[in-house]
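For reference, the structure discussed in these notes is given below.
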Amino acid sequence: MNFTIDEGLSADEADMLGKRIDAYNAQQTGFTEERPLKLAARDSAGNLLGGLTGSTGFQWLYIHILWIEEPNRNLGVGSSLVEHAEQLGVQRGCRSSCLMTFSFQAKELYERLGYVVFGQLDDYPEGHTLFFMRKKL
């Protein structure tokens, strides 16, 4: 077979690949529903203090992004967002949660909330560590 490889994968082609892997995964596992999760923390005036994005599927909550604006850190906003995401995850049938965080991000916060490291990539990038964390819900 002759073939070429290029960097020209279109958005429609990438979407098609995603649908095909989702269908294959569903066929193998019996789980078909992956749902996005998007939470916002706002002050009384409606200003965004921070937020969390993630997804639920395969009986897992996956936290993609947790961001709290600098002046609002260490005030419980991040903990509240994670705890709310966990509650929604349980409501959606999740039994566990996982996430990735860098050594310069919020590892200590997640540890306080019960997450444990199950893997890490050292020097990712050089001088830093990427931690893979999980928690039973």
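The values are calculated or read from the model by the stated rules, or taken from the named source; none is laboratory data. No experiment lies behind these values; they were computed from the predicted model shown. Note: ideal-geometry Cβ built from the backbone for every residue, glycine included; neighbour counts use all protein chains shown.
Please go through segment 107-137 and give me each residue that is in contact (Cβ under 8 Å) with a residue 24 or more places away in the chain, surrounded by 13 or more Cβ atoms within 10 Å (Cβ to Cβ) and not aromatic (Phe, Trp, Tyr), ordered by number. Explain how you work it out, then say what you get.
So in segment 107-137, the residues in contact (Cβ under 8 Å) with a residue 24 or more places away in the chain come out as 107, 109-110, 112-113, 128-137.
Now narrow it down to the ones that are surrounded by 13 or more Cβ atoms within 10 Å (Cβ to Cβ): 107, 109-110, 113, 128-135, 137.
Result: LYS107, LEU109, LEU113, HIS128, THR129, LEU130, MET133, ARG134, LYS135, LEU137.
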- Message: Based on this model, can you work out whether GLY46 counts as of a type in the set (Gly, Ala, Ser) and either surrounded by 16 or more Cβ atoms within 10 Å (Cβ to Cβ) or in contact with a Ser or Thr (Cβ under 9 Å, 6 or more places away or on another chain) (or both)?
- Response: no
- Query: In the list GLY50, GLY8, which residue meets the criterion of being more than 20 Å from ARG134 (Cα to Cα) and under 16 Å from the mean Cα position of the chain (by Cα)?
  - Reply: GLY50
- Pair list, Cβ < 8 Å and 6+ apart or interchain, from segment 77-106 residues that are over 13 Å from LEU52 (Cα atoms) to residues that are of a type in the set (S, T, N, Q) and assigned to a loop (DSSP other than H, G, I, E, B): GLY93/GLN59; CYS94/GLN59; ARG95/GLN59; SER96/GLN59
- Note on the structure: By residue number, the members of segment 26-65 that are polar (S, T, N, Q) and in contact (Cβ under 8 Å) with a residue 12 or more places away in the chain are THR29, THR53, SER55, THR56, GLN59
- Message: Could you go through segment 15-34 and let me know if any residue there is farther than 30 Å from GLY78 by Cβ, among the aromatic types (Phe, Trp, Tyr), modelled with pLDDT under 95 and not in a helix (DSSP H, G or I).
- Response: no
